[in-house]
Amino acid sequence: MKRKLTAAIGIAGMMVSVAACGGGSKAEGSGQGADAKELTVWLTVDAQNNWPELVKAADAAVKKKHPGITIKHEYYGWPDKNTKLDAVLATDKAPDVVEMGNTEMLGYMVKGAFAPLEPSEFDNADAWLDGLKASVTYEGKTYGVPYYAGGRVANWRKDIAKQSGVTSPPTTYDELTTALDKIQKEQGGKFNAWYQPTRDWYAAMSFVYDAGGAIAKEEGGQWKATLSSPESVKGLEEFKNVVDTYMNGDKTKDESDRYIVYGQGKSAMIFAAAWEGATAADPKNDKTGKLKDNLENFVMPGPSGKNMPVFLGGSDLAVPVKSDAQAVAAEWINAFTGPSGQKGLMAKGNLPNNKTDLATLKSDPATAVPATAAESNWFVPMAPGWGQVEKAQILQTMLQNIGTGKQSVEAAAKEADAAIDKVINTK
């Protein structure tokens, strides 16, 4: 997923421990390229700028096992990476390890660009977060290793809530809507008690999955869209109710500038990626001068009575099928994403790739909210034509038509299902 750092989660006071990064007995390098003398690793600038010590520790672990090996690193920005990767994959100069946004994996797996990996060779594979595991799995095979994650939380202004007599964050959906009703009444009709961009399909699909629905389901090897199922429609109806009741801004907006709008003081709450609240409170974006000490994260409650399932963004690491050093590449990935590597990533404000480490964050008040929120998660259908669904912005169009009143929920959902069904099984 192309995203900003999740450092805004706010894991404070933890020390990065890298001395043992890459220990363990897995991914020993017994397959193709086990005797490689050179390894090329492509990562995004996130690693270069924020945890270079973890990269060095993984290098050291591999070099200890393979004396004399040369490890080269190249770093790319998110907008540039895939263009360069596509070009190099057409040659014999493919990198051995490449970082991918988890929503980018599917298209490359469908095309056969990545080598299959054996999960048992990687630490914590049996505890990978469900949404991250889904992102590296295609047709029953594993083609990548989850690296780290970023979740979604609710964030609201304590000062505005207090003005309406609300002194603590809600723990149920009824408490949430009751509080928002009070805030909306207090602040007036031009205010957004909940700024929820209509085209934000990540949020909308959380309502769908919370209601027991889904974007699409697989049966007999074929995918079929299910947005018009009773369960999905129930979730979409509640999403529409939120937009109708609390979102008084432009009903054709997406979420790309949500943190900017939030920083302008035009809303009391957002349901967004964990970094957005803190970014809104940055002095560059905070036009109110009040956000720094008045924002509070909480786990988003769902209408179902359970925590709202959230989309997990994040990164995966894959080995191009053209790599001549696949075995050593797997070793490097395990060194980088193994237990001590995860500790280092968590210390930098990221969610780990596995449930075991996630549980440790739940016990710390500073990290309990994002960790708890991430426990219930969903991911996109791992169907061969999903990339075409996203490219056509079928979900965004459906949601805009619902939010603006152009179509009923049922009509928009049926139209979206028909559009999805035309492409979702096409490679």
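The values are calculated or read from the model by the stated rules, or taken from the named source; none is laboratory data. It should be emphasised that the depicted structure is a prediction, and the values quoted were computed from it without experimental measurement. All Cβ positions, glycine included, derive from the backbone under ideal geometry; neighbour counts span all protein chains shown. Note: areas computed on protein heavy atoms with side chains; ligands, DNA, RNA excluded. Shrake-Rupley method; radii C 1.70, N 1.55, O 1.52, S 1.80 Å.
Brief remarks follow.
- G68 being open to solvent by 30 Å² or more (accessible area, probe 1.4 Å) and either polar (S, T, N, Q) or on the phi > 0 side of the Ramachandran plot (or both): yes
- Taken together, S206, S229 contain a single residue that is among the polar types (S, T, N, Q), at pLDDT 95 or above, open to solvent by 10 Å² or more (accessible area, probe 1.4 Å) and within 18 Å of G302 (Cβ to Cβ), which is S229.
- Only listed residue being open to solvent by 10 Å² or more (accessible area, probe 1.4 Å) and touching a Ser or Thr at 6+ places or on another chain (Cβ under 9 Å), chosen from G305, G289: G305
- Where a residue in the range 73-85 is without any contact (Cβ under 8 Å) to a residue 24 or more places away in the chain and its partner, wherever it lies, is open to solvent by 50 Å² or more (accessible area, probe 1.4 Å), with Cβ under 8 Å and at least six apart: none
- The helices (runs of 4 or more DSSP H) found wholly in the range 315-427 and carrying at least 2 residues that are at pLDDT 95 or above, within 24 Å of A60 (Cα to Cα) and under 24 Å from the mean Cα position of the chain (by Cα) occupy 326-337, 339-347.
- Number of the condition not met by Q163 [criteria: (1) under 24 Å from the mean Cα position of the chain (by Cα); (2) farther than 28 Å from G235 by Cα]: (1)
- Qualifying residue in the range 101-123 (condition: of a type in the set (S, T, Y) and free of Cβ contacts under 8 Å to residues at least 40 places away in the same chain): no
- The residue that is surrounded by the fewest Cβ atoms within 10 Å (Cβ to Cβ), counting only those in the range 236-245 that are closer than 17 Å to Q400 by Cβ and not acidic (D, E), is N241.
- Any hit, the range 266-277, residues being hydrophobic (A, V, I, L, M, F, W, C), in a loop (DSSP other than H, G, I, E, B) and at pLDDT 95 or above: yes
- Evaluation of E53 against (1) of a type in the set (D, E); (2) modelled with pLDDT of 95 or more; (3) under 23 Å from the mean Cα position of the chain (by Cα) (one fails), failing number: (3)
- Scope the range 182-234; condition free of Cβ contacts under 8 Å to residues at least 60 places away in the same chain and either touching a Gly at 6+ places or on another chain (Cβ under 8 Å) or in a helix (DSSP H, G or I) (or both); matching residues: K182, K185, E186, V208, G213, S229, P230, E231, K234
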